[in-house]
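To start, the structure itself, in C-alpha coordinates.
The values are calculated or read from the model by the stated rules, or taken from the named source; none is laboratory data. Computed from a predicted structure; not experimentally measured. Glycine also receives a Cβ, built like all others from the backbone with ideal geometry; neighbour counts cover every protein chain displayed. Only protein heavy atoms, including side chains, enter the accessible area calculation; ligands, DNA and RNA are left aside. Shrake-Rupley method; radii C 1.70, N 1.55, O 1.52, S 1.80 Å.
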Amino acid sequence: MSGDGVTRRGILGGGVTAASLALAASPAAALLQARGAARAAGQRMPNGLELPATPPRRKRPDSVGFAIVGLGNYALNQMMPRFAEAERAHVAAIVSGNPDKLQRVGDAYGVPQDARYSYETFANIASDDRIDAVYIVLPSGLHADWTIRAFAARKHVLCEKPMALSGAECERMIAASGRANRKLMIAYRSHFEPYNLQAMELMAQGAVGQLRLIRSEQSYRMGPTSPSQNWRANRALAGGGPLEDYGIYGLQAALYLAREMPESISATAFRPGADPRFGEIFAHVSSQLRFPSGAIAQLATSYDSSGINFVDVRGTTGALIMDPATSYSGQKMRLEGRDRREFTPGDPSVQFARQLDHFADAIRGGTRIRTPGEMGLRDLRLFEAIYASAAAGRTVKLNPDGTMRS
Ligand code: NAD
(Lines give C-alpha, C1' and ligand atoms only; values in the text may rest on other atoms or scores of the structure.)
Protein backbone atom coordinates (compact mmCIF):
# COMPACT_ATOMS: atom_id res chain seq x y z
CA MET A 1 0.00 0.00 0.00
CA SER A 2 1.12 3.56 -0.56
CA GLY A 3 -0.40 6.95 0.17
CA ASP A 4 -4.17 6.71 0.45
CA GLY A 5 -4.33 4.21 -2.41
CA VAL A 6 -3.78 0.46 -2.69
CA THR A 7 -1.30 -0.84 -5.22
CA ARG A 8 -2.59 -3.20 -7.88
CA ARG A 9 0.44 -5.44 -7.36
CA GLY A 10 -0.18 -5.48 -3.61
CA ILE A 11 -3.77 -6.59 -3.95
CA LEU A 12 -3.60 -8.98 -6.88
CA GLY A 13 -1.42 -12.05 -7.04
CA GLY A 14 -0.95 -14.11 -10.24
CA GLY A 15 -4.41 -14.88 -11.63
CA VAL A 16 -6.16 -14.33 -8.29
CA THR A 17 -9.20 -12.11 -8.51
CA ALA A 18 -9.63 -9.02 -6.38
CA ALA A 19 -12.91 -10.46 -5.16
CA SER A 20 -11.12 -13.60 -3.95
CA LEU A 21 -8.72 -11.57 -1.90
CA ALA A 22 -11.43 -9.37 -0.50
CA LEU A 23 -13.21 -12.56 0.58
CA ALA A 24 -10.17 -14.54 1.64
CA ALA A 25 -10.35 -13.11 5.14
CA SER A 26 -12.73 -15.97 6.02
CA PRO A 27 -11.54 -19.57 6.57
CA ALA A 28 -14.29 -20.98 4.31
CA ALA A 29 -13.18 -18.76 1.46
CA ALA A 30 -9.55 -19.70 1.96
CA LEU A 31 -10.53 -23.38 1.75
CA LEU A 32 -12.29 -22.83 -1.55
CA GLN A 33 -9.34 -20.95 -2.94
CA ALA A 34 -7.22 -24.04 -2.32
CA ARG A 35 -9.69 -26.23 -4.21
CA GLY A 36 -8.36 -25.28 -7.63
CA ALA A 37 -9.71 -24.16 -10.96
CA ALA A 38 -13.33 -24.55 -12.03
CA ARG A 39 -14.11 -26.91 -14.92
CA ALA A 40 -16.80 -27.03 -17.57
CA ALA A 41 -19.29 -29.81 -16.82
CA GLY A 42 -22.69 -30.80 -18.22
CA GLN A 43 -25.78 -29.56 -16.36
CA ARG A 44 -29.41 -30.54 -16.69
CA MET A 45 -31.83 -28.87 -19.12
CA PRO A 46 -33.22 -25.56 -17.72
CA ASN A 47 -36.83 -25.84 -16.44
CA GLY A 48 -39.74 -24.71 -18.61
CA LEU A 49 -37.69 -24.57 -21.80
CA GLU A 50 -39.55 -24.33 -25.11
CA LEU A 51 -37.47 -25.43 -28.10
CA PRO A 52 -38.34 -24.24 -31.63
CA ALA A 53 -40.92 -26.42 -33.41
CA THR A 54 -39.04 -26.06 -36.72
CA PRO A 55 -35.31 -25.37 -37.08
CA PRO A 56 -34.52 -21.74 -38.03
CA ARG A 57 -32.93 -21.25 -41.47
CA ARG A 58 -29.80 -19.25 -42.22
CA LYS A 59 -30.79 -16.23 -44.30
CA ARG A 60 -27.72 -15.48 -46.39
CA PRO A 61 -24.88 -17.52 -47.88
CA ASP A 62 -22.30 -15.32 -46.10
CA SER A 63 -24.08 -15.64 -42.71
CA VAL A 64 -21.62 -16.15 -39.82
CA GLY A 65 -21.83 -19.61 -38.24
CA PHE A 66 -21.65 -19.65 -34.42
CA ALA A 67 -20.80 -22.54 -32.09
CA ILE A 68 -22.72 -22.04 -28.84
CA VAL A 69 -20.65 -23.10 -25.82
CA GLY A 70 -22.80 -23.77 -22.76
CA LEU A 71 -26.48 -24.66 -23.16
CA GLY A 72 -27.86 -22.98 -20.03
CA ASN A 73 -30.74 -20.70 -19.30
CA TYR A 74 -29.53 -17.58 -21.11
CA ALA A 75 -28.31 -19.47 -24.19
CA LEU A 76 -31.44 -21.58 -24.57
CA ASN A 77 -34.15 -19.15 -23.44
CA GLN A 78 -32.77 -15.87 -24.81
CA MET A 79 -29.94 -15.97 -27.28
CA MET A 80 -30.45 -19.10 -29.38
CA PRO A 81 -34.08 -18.20 -30.26
CA ARG A 82 -32.84 -14.72 -31.29
CA PHE A 83 -30.66 -16.10 -34.06
CA ALA A 84 -33.93 -16.43 -36.02
CA GLU A 85 -34.19 -12.60 -35.93
CA ALA A 86 -30.55 -12.03 -36.96
CA GLU A 87 -29.88 -11.40 -40.66
CA ARG A 88 -26.22 -12.38 -40.82
CA ALA A 89 -25.69 -14.97 -38.03
CA HIS A 90 -26.83 -18.56 -37.52
CA VAL A 91 -26.30 -21.46 -35.09
CA ALA A 92 -23.79 -23.78 -36.78
CA ALA A 93 -22.73 -25.95 -33.84
CA ILE A 94 -23.39 -26.57 -30.15
CA VAL A 95 -21.07 -27.56 -27.31
CA SER A 96 -22.31 -29.18 -24.10
CA GLY A 97 -21.30 -31.75 -21.50
CA ASN A 98 -24.83 -33.20 -21.40
CA PRO A 99 -25.53 -35.69 -24.27
CA ASP A 100 -29.31 -35.40 -23.79
CA LYS A 101 -29.14 -31.62 -24.25
CA LEU A 102 -26.90 -32.03 -27.30
CA GLN A 103 -29.51 -34.30 -28.86
CA ARG A 104 -32.66 -32.35 -28.00
CA VAL A 105 -31.23 -28.88 -28.70
CA GLY A 106 -29.34 -30.12 -31.77
CA ASP A 107 -32.51 -31.66 -33.26
CA ALA A 108 -34.62 -28.55 -32.50
CA TYR A 109 -32.08 -26.18 -34.12
CA GLY A 110 -31.23 -28.45 -37.05
CA VAL A 111 -27.57 -28.80 -35.97
CA PRO A 112 -25.95 -31.72 -37.86
CA GLN A 113 -24.82 -34.66 -35.68
CA ASP A 114 -21.17 -33.99 -36.48
CA ALA A 115 -21.49 -30.35 -35.36
CA ARG A 116 -22.50 -31.34 -31.81
CA TYR A 117 -19.38 -31.17 -29.63
CA SER A 118 -18.64 -32.08 -26.02
CA TYR A 119 -16.16 -30.12 -23.90
CA GLU A 120 -13.69 -32.97 -24.52
CA THR A 121 -14.02 -32.81 -28.34
CA PHE A 122 -14.19 -28.98 -28.49
CA ALA A 123 -10.68 -28.60 -29.96
CA ASN A 124 -11.92 -30.41 -33.12
CA ILE A 125 -13.87 -27.27 -34.09
CA ALA A 126 -10.52 -26.06 -35.51
CA SER A 127 -11.11 -28.18 -38.63
CA ASP A 128 -14.85 -27.41 -38.88
CA ASP A 129 -15.28 -24.72 -41.55
CA ARG A 130 -18.98 -24.36 -40.79
CA ILE A 131 -17.95 -22.53 -37.58
CA ASP A 132 -16.68 -18.95 -37.93
CA ALA A 133 -17.23 -17.79 -34.35
CA VAL A 134 -17.71 -19.18 -30.86
CA TYR A 135 -20.27 -17.73 -28.43
CA ILE A 136 -19.10 -18.30 -24.84
CA VAL A 137 -22.14 -18.46 -22.57
CA LEU A 138 -20.66 -20.47 -19.71
CA PRO A 139 -20.44 -19.48 -16.02
CA SER A 140 -18.26 -16.38 -15.79
CA GLY A 141 -15.25 -18.12 -14.21
CA LEU A 142 -14.92 -20.26 -17.36
CA HIS A 143 -14.99 -17.41 -19.89
CA ALA A 144 -11.23 -16.83 -20.04
CA ASP A 145 -10.23 -20.48 -20.44
CA TRP A 146 -12.79 -21.27 -23.16
CA THR A 147 -12.21 -18.01 -25.03
CA ILE A 148 -8.51 -18.83 -25.20
CA ARG A 149 -9.32 -22.38 -26.39
CA ALA A 150 -11.58 -20.93 -29.10
CA PHE A 151 -8.80 -18.63 -30.29
CA ALA A 152 -6.44 -21.63 -30.31
CA ALA A 153 -8.93 -23.17 -32.78
CA ARG A 154 -8.65 -19.91 -34.80
CA LYS A 155 -12.29 -18.89 -34.37
CA HIS A 156 -13.67 -15.41 -33.56
CA VAL A 157 -15.19 -15.06 -30.05
CA LEU A 158 -18.33 -13.39 -28.71
CA CYS A 159 -17.99 -13.68 -24.92
CA GLU A 160 -20.77 -13.10 -22.40
CA LYS A 161 -20.41 -10.52 -19.63
CA PRO A 162 -18.49 -10.26 -17.38
CA MET A 163 -15.57 -10.82 -19.74
CA ALA A 164 -13.74 -12.76 -16.98
CA LEU A 165 -13.07 -12.49 -13.26
CA SER A 166 -9.83 -10.49 -13.28
CA GLY A 167 -7.98 -7.96 -15.38
CA ALA A 168 -5.15 -10.45 -15.81
CA GLU A 169 -7.54 -12.98 -17.39
CA CYS A 170 -8.88 -10.27 -19.73
CA GLU A 171 -5.35 -9.39 -20.79
CA ARG A 172 -4.68 -13.05 -21.64
CA MET A 173 -7.88 -13.21 -23.70
CA ILE A 174 -6.95 -10.07 -25.65
CA ALA A 175 -3.43 -11.41 -26.25
CA ALA A 176 -4.88 -14.73 -27.51
CA SER A 177 -7.16 -12.80 -29.88
CA GLY A 178 -4.13 -10.92 -31.24
CA ARG A 179 -2.05 -14.09 -31.66
CA ALA A 180 -4.84 -15.84 -33.53
CA ASN A 181 -5.67 -12.68 -35.53
CA ARG A 182 -9.34 -13.26 -34.66
CA LYS A 183 -11.90 -10.81 -33.24
CA LEU A 184 -13.16 -10.57 -29.66
CA MET A 185 -16.43 -8.94 -28.67
CA ILE A 186 -18.08 -8.77 -25.24
CA ALA A 187 -21.86 -9.33 -25.28
CA TYR A 188 -22.81 -6.01 -23.66
CA ARG A 189 -26.31 -6.01 -25.12
CA SER A 190 -27.32 -2.52 -23.83
CA HIS A 191 -25.08 -1.00 -26.54
CA PHE A 192 -27.57 -2.38 -29.10
CA GLU A 193 -30.80 -1.55 -27.22
CA PRO A 194 -32.84 1.49 -28.38
CA TYR A 195 -33.47 3.07 -24.93
CA ASN A 196 -29.86 2.92 -23.82
CA LEU A 197 -28.69 4.12 -27.23
CA GLN A 198 -31.04 7.09 -26.99
CA ALA A 199 -29.87 7.80 -23.42
CA MET A 200 -26.26 7.91 -24.73
CA GLU A 201 -27.33 10.36 -27.43
CA LEU A 202 -29.26 12.54 -24.98
CA MET A 203 -26.26 12.75 -22.66
CA ALA A 204 -23.98 13.61 -25.60
CA GLN A 205 -26.39 16.47 -26.45
CA GLY A 206 -26.31 17.80 -22.85
CA ALA A 207 -29.97 16.98 -22.17
CA VAL A 208 -29.56 17.32 -18.37
CA GLY A 209 -27.09 20.20 -18.44
CA GLN A 210 -23.80 19.58 -16.68
CA LEU A 211 -23.70 16.11 -15.18
CA ARG A 212 -23.63 16.05 -11.39
CA LEU A 213 -24.83 12.64 -10.11
CA ILE A 214 -25.63 9.18 -11.46
CA ARG A 215 -27.36 6.71 -9.17
CA SER A 216 -27.98 3.14 -10.21
CA GLU A 217 -29.04 -0.13 -8.62
CA GLN A 218 -29.36 -3.68 -9.97
CA SER A 219 -30.66 -6.09 -7.34
CA TYR A 220 -32.77 -9.17 -6.79
CA ARG A 221 -33.27 -11.66 -3.98
CA MET A 222 -31.54 -14.99 -4.60
CA GLY A 223 -33.57 -18.00 -3.43
CA PRO A 224 -32.15 -20.56 -0.98
CA THR A 225 -28.99 -22.10 -2.48
CA SER A 226 -25.33 -22.83 -1.83
CA PRO A 227 -22.02 -22.70 -3.76
CA SER A 228 -22.26 -26.40 -4.68
CA GLN A 229 -25.82 -26.03 -6.04
CA ASN A 230 -25.51 -22.77 -7.96
CA TRP A 231 -22.49 -21.40 -9.81
CA ARG A 232 -23.66 -17.83 -9.09
CA ALA A 233 -22.95 -18.49 -5.38
CA ASN A 234 -19.58 -20.13 -6.11
CA ARG A 235 -16.58 -17.82 -5.97
CA ALA A 236 -14.43 -19.73 -8.49
CA LEU A 237 -17.23 -19.40 -11.06
CA ALA A 238 -18.80 -16.07 -10.07
CA GLY A 239 -16.06 -13.93 -8.47
CA GLY A 240 -17.53 -11.63 -5.84
CA GLY A 241 -21.13 -12.30 -6.98
CA PRO A 242 -23.76 -9.62 -7.74
CA LEU A 243 -21.33 -6.98 -9.03
CA GLU A 244 -19.91 -9.15 -11.85
CA ASP A 245 -23.33 -10.59 -12.69
CA TYR A 246 -25.85 -7.75 -12.39
CA GLY A 247 -24.16 -4.62 -11.04
CA ILE A 248 -22.04 -4.65 -14.20
CA TYR A 249 -25.01 -3.04 -15.99
CA GLY A 250 -24.92 -0.08 -13.56
CA LEU A 251 -21.17 0.36 -14.01
CA GLN A 252 -21.53 0.19 -17.79
CA ALA A 253 -24.40 2.72 -17.79
CA ALA A 254 -22.46 5.11 -15.53
CA LEU A 255 -19.53 5.01 -17.96
CA TYR A 256 -21.46 5.37 -21.21
CA LEU A 257 -23.67 8.11 -19.78
CA ALA A 258 -20.90 10.06 -17.99
CA ARG A 259 -18.64 9.58 -21.03
CA GLU A 260 -15.51 9.76 -18.86
CA MET A 261 -13.42 7.42 -16.74
CA PRO A 262 -13.49 7.72 -12.94
CA GLU A 263 -10.37 9.03 -11.22
CA SER A 264 -11.14 7.42 -7.85
CA ILE A 265 -13.41 4.81 -6.29
CA SER A 266 -14.55 4.14 -2.76
CA ALA A 267 -16.60 1.05 -2.03
CA THR A 268 -18.02 -1.25 0.58
CA ALA A 269 -19.02 -4.92 0.27
CA PHE A 270 -21.11 -6.93 2.71
CA ARG A 271 -21.34 -10.67 3.38
CA PRO A 272 -23.74 -11.81 6.11
CA GLY A 273 -22.53 -14.68 8.30
CA ALA A 274 -24.23 -18.10 8.45
CA ASP A 275 -26.16 -17.77 5.16
CA PRO A 276 -25.26 -20.60 2.72
CA ARG A 277 -25.98 -18.29 -0.24
CA PHE A 278 -23.16 -16.00 0.84
CA GLY A 279 -20.53 -18.43 2.08
CA GLU A 280 -18.30 -17.51 -0.87
CA ILE A 281 -19.74 -14.36 -2.46
CA PHE A 282 -20.89 -10.94 -1.29
CA ALA A 283 -24.57 -10.14 -0.74
CA HIS A 284 -24.25 -6.42 -1.53
CA VAL A 285 -21.62 -4.23 -3.12
CA SER A 286 -21.89 -0.46 -3.14
CA SER A 287 -19.42 1.91 -4.76
CA GLN A 288 -18.92 5.60 -5.42
CA LEU A 289 -17.01 6.70 -8.52
CA ARG A 290 -15.66 10.24 -8.83
CA PHE A 291 -15.10 11.58 -12.33
CA PRO A 292 -12.60 14.28 -13.37
CA SER A 293 -15.53 16.64 -14.18
CA GLY A 294 -16.58 16.47 -10.53
CA ALA A 295 -19.59 14.25 -11.27
CA ILE A 296 -20.23 11.29 -8.95
CA ALA A 297 -21.75 7.86 -9.69
CA GLN A 298 -23.24 5.86 -6.83
CA LEU A 299 -23.70 2.21 -7.79
CA ALA A 300 -25.40 -0.45 -5.68
CA THR A 301 -26.04 -4.11 -6.40
CA SER A 302 -27.43 -6.89 -4.25
CA TYR A 303 -28.43 -10.56 -4.41
CA ASP A 304 -30.46 -10.13 -1.23
CA SER A 305 -32.89 -7.28 -1.72
CA SER A 306 -36.10 -6.91 -3.67
CA GLY A 307 -35.82 -6.57 -7.44
CA ILE A 308 -34.80 -3.28 -9.05
CA ASN A 309 -32.88 -2.16 -12.14
CA PHE A 310 -32.76 1.64 -12.46
CA VAL A 311 -30.45 4.43 -13.57
CA ASP A 312 -31.09 8.04 -12.49
CA VAL A 313 -28.90 10.77 -13.99
CA ARG A 314 -29.01 14.29 -12.48
CA GLY A 315 -27.55 17.38 -14.12
CA THR A 316 -27.76 21.14 -13.66
CA THR A 317 -30.93 21.52 -15.78
CA GLY A 318 -32.71 18.18 -15.55
CA ALA A 319 -32.74 14.47 -14.88
CA LEU A 320 -32.87 11.34 -17.05
CA ILE A 321 -34.60 8.42 -15.37
CA MET A 322 -34.52 4.85 -16.71
CA ASP A 323 -36.57 2.27 -14.79
CA PRO A 324 -36.25 -0.52 -15.71
CA ALA A 325 -32.99 0.52 -17.33
CA THR A 326 -31.28 -2.49 -18.89
CA SER A 327 -33.83 -5.33 -18.93
CA TYR A 328 -34.52 -7.74 -21.79
CA SER A 329 -37.75 -5.75 -22.46
CA GLY A 330 -40.15 -3.27 -20.83
CA GLN A 331 -37.72 -0.35 -20.57
CA LYS A 332 -39.09 3.06 -19.50
CA MET A 333 -37.25 6.35 -19.83
CA ARG A 334 -38.18 9.98 -19.10
CA LEU A 335 -36.51 13.35 -18.98
CA GLU A 336 -37.48 15.70 -16.14
CA GLY A 337 -36.70 19.37 -15.54
CA ARG A 338 -36.46 22.05 -18.22
CA ASP A 339 -37.49 19.62 -21.00
CA ARG A 340 -40.02 17.05 -19.73
CA ARG A 341 -40.49 14.07 -22.03
CA GLU A 342 -41.16 10.34 -22.11
CA PHE A 343 -39.25 8.32 -24.69
CA THR A 344 -40.31 5.23 -26.64
CA PRO A 345 -37.41 4.78 -29.07
CA GLY A 346 -38.22 1.21 -30.10
CA ASP A 347 -38.57 -2.40 -29.02
CA PRO A 348 -35.76 -3.30 -26.54
CA SER A 349 -35.86 -6.94 -27.62
CA VAL A 350 -34.00 -6.08 -30.85
CA GLN A 351 -30.80 -5.84 -28.74
CA PHE A 352 -30.05 -9.57 -28.95
CA ALA A 353 -30.16 -10.00 -32.72
CA ARG A 354 -28.51 -6.62 -33.32
CA GLN A 355 -25.50 -7.63 -31.27
CA LEU A 356 -25.16 -10.83 -33.33
CA ASP A 357 -25.40 -8.94 -36.63
CA HIS A 358 -22.92 -6.33 -35.34
CA PHE A 359 -20.34 -9.05 -34.65
CA ALA A 360 -21.08 -10.71 -38.00
CA ASP A 361 -20.40 -7.38 -39.73
CA ALA A 362 -17.10 -7.01 -37.87
CA ILE A 363 -16.08 -10.52 -38.96
CA ARG A 364 -17.18 -10.26 -42.60
CA GLY A 365 -16.71 -6.53 -43.23
CA GLY A 366 -14.01 -5.54 -40.73
CA THR A 367 -16.26 -2.92 -39.07
CA ARG A 368 -15.30 -1.58 -35.63
CA ILE A 369 -16.60 -3.55 -32.64
CA ARG A 370 -18.57 -1.31 -30.28
CA THR A 371 -17.93 -3.53 -27.24
CA PRO A 372 -14.41 -4.96 -27.69
CA GLY A 373 -12.31 -6.95 -25.23
CA GLU A 374 -10.63 -3.71 -24.13
CA MET A 375 -14.00 -2.54 -22.76
CA GLY A 376 -14.40 -5.77 -20.79
CA LEU A 377 -10.84 -5.35 -19.46
CA ARG A 378 -11.59 -1.76 -18.39
CA ASP A 379 -14.63 -2.96 -16.43
CA LEU A 380 -12.72 -5.78 -14.69
CA ARG A 381 -10.03 -3.28 -13.67
CA LEU A 382 -12.72 -1.11 -12.13
CA PHE A 383 -14.17 -4.14 -10.31
CA GLU A 384 -10.71 -4.82 -8.95
CA ALA A 385 -10.54 -1.25 -7.68
CA ILE A 386 -13.99 -1.60 -6.11
CA TYR A 387 -13.00 -4.77 -4.25
CA ALA A 388 -9.63 -3.33 -3.30
CA SER A 389 -11.31 -0.25 -1.85
CA ALA A 390 -13.85 -2.37 0.04
CA ALA A 391 -11.11 -4.63 1.43
CA ALA A 392 -8.88 -1.74 2.48
CA GLY A 393 -11.67 0.55 3.68
CA ARG A 394 -10.28 3.53 1.81
CA THR A 395 -10.49 5.42 -1.47
CA VAL A 396 -8.52 3.97 -4.41
CA LYS A 397 -7.11 6.37 -6.99
CA LEU A 398 -7.12 5.32 -10.64
CA ASN A 399 -5.07 5.81 -13.77
CA PRO A 400 -6.99 6.77 -16.93
CA ASP A 401 -7.00 3.10 -18.06
CA GLY A 402 -8.72 2.00 -14.83
CA THR A 403 -5.66 0.44 -13.21
CA MET A 404 -5.04 1.39 -9.60
CA ARG A 405 -2.46 4.08 -8.92
CA SER A 406 0.52 3.01 -6.94
P1 NAD B 1 -26.89 -21.18 -16.40
O2 NAD B 1 -26.51 -21.74 -15.08
O3 NAD B 1 -28.34 -21.20 -16.75
O4 NAD B 1 -26.11 -21.94 -17.56
C5 NAD B 1 -24.75 -22.16 -17.51
C6 NAD B 1 -24.46 -23.33 -18.45
O7 NAD B 1 -23.06 -23.47 -18.56
C8 NAD B 1 -24.97 -24.69 -17.92
O9 NAD B 1 -26.27 -25.00 -18.27
C10 NAD B 1 -24.02 -25.63 -18.60
O11 NAD B 1 -24.51 -25.85 -19.91
C12 NAD B 1 -22.74 -24.85 -18.74
N13 NAD B 1 -21.72 -25.23 -17.73
C14 NAD B 1 -20.52 -25.77 -18.06
N15 NAD B 1 -19.79 -26.00 -16.96
C16 NAD B 1 -20.53 -25.62 -15.91
C17 NAD B 1 -20.29 -25.62 -14.50
N18 NAD B 1 -19.13 -26.06 -13.99
N19 NAD B 1 -21.27 -25.18 -13.68
C20 NAD B 1 -22.43 -24.71 -14.19
N21 NAD B 1 -22.71 -24.66 -15.53
C22 NAD B 1 -21.76 -25.12 -16.39
O23 NAD B 1 -26.30 -19.69 -16.45
P24 NAD B 1 -26.76 -18.51 -17.42
O25 NAD B 1 -27.72 -17.64 -16.70
O26 NAD B 1 -27.16 -19.05 -18.74
O27 NAD B 1 -25.40 -17.67 -17.55
C28 NAD B 1 -24.36 -18.06 -18.42
C29 NAD B 1 -23.53 -16.82 -18.81
O30 NAD B 1 -24.37 -15.89 -19.47
C31 NAD B 1 -22.91 -16.08 -17.63
O32 NAD B 1 -21.65 -15.59 -17.98
C33 NAD B 1 -23.83 -14.91 -17.40
O34 NAD B 1 -23.18 -13.78 -16.84
C35 NAD B 1 -24.30 -14.63 -18.81
N36 NAD B 1 -25.62 -14.01 -18.86
C37 NAD B 1 -25.77 -12.88 -19.59
C38 NAD B 1 -27.00 -12.26 -19.63
C39 NAD B 1 -27.18 -11.02 -20.45
O40 NAD B 1 -28.24 -10.40 -20.35
N41 NAD B 1 -26.22 -10.66 -21.29
C42 NAD B 1 -28.08 -12.79 -18.92
C43 NAD B 1 -27.89 -13.96 -18.20
C44 NAD B 1 -26.66 -14.57 -18.18
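Approximating the spin labels as points 7 Å out from Cα along Cα→Cβ, the Glu260-to-Arg60 distance works out to 4.0 nm. In plain terms, the chain from Arg179 to Leu213 could stretch by 8.1 nm, reckoned as 0.36 nm per residue minus the Cα-Cα distance.
If both residues of a DSSP beta bridge must be in the chain, then about 60% of such bridges are antiparallel.
Along the axis of the charge dipole computed for the chain (Cβ charges of +1 for Lys and Arg, -1 for Asp and Glu, origin at the Cα centre), the listed residues Ala253, Met333, Ser127 are led at the positive end by Ser127. Placing +1 on each Lys and Arg Cβ and -1 on each Asp and Glu Cβ, with no other charges, gives the range 64-189 a dipole about its Cα centre of roughly 260 debye. State, as an integer percentage, the relative contact order of the chain based on alpha-carbon contacts under 8 Å between residues 6 or more apart. Answer for the chain is 20 percent.
Given a 1.4 Å probe and heavy atoms of the protein chains only, how would you sort His358, His284, largest accessible area at the top?
Ranking His358, His284 by accessible area, largest first, yields His284, His358.
Taking 19 Å as the straight-line reach from the Cα of Lys397, the aspartates and glutamates in range (excluding those fewer than 8 positions away in the same chain) are Asp4, Glu260, Glu263, Asp379, Glu384.
Solvent-accessible area of Glu201, all protein chains in place: 110 Å² (probe radius 1.4 Å, heavy atoms, ligands and nucleic acids excluded).
Taking the centroid of alpha carbons for each part, the range 333-394 and the range 99-167 are 23 Å apart.
Between Arg221 and Lys332, the contour length at 0.36 nm per residue exceeds the Cα-Cα span by 37.7 nm. The solvent-accessible area of Thr317, taken with every protein chain present and a 1.4 Å probe, is close to 50 Å².
What does the accessible area of Asp145 come to, in Å² to the nearest 10, when a probe of 1.4 Å is used? Counting only protein heavy atoms, Asp145 exposes about 70 Å² to solvent.
Note the full-extension length gain between Thr395 and Ala41 as 0.36 nm times their separation in residues minus their Cα-Cα distance, in nm to one decimal.
123.5 nm
Counting only lysines at least 8 places from Lys101 when in the same chain, those with an alpha carbon closer than 24 Å to its own are Lys155, Lys161.
Overall, the chain carries a charge dipole of about 400 debye about its Cα centre when +1 sits on the Cβ of Lys and Arg and -1 on the Cβ of Asp and Glu, all other atoms neutral.
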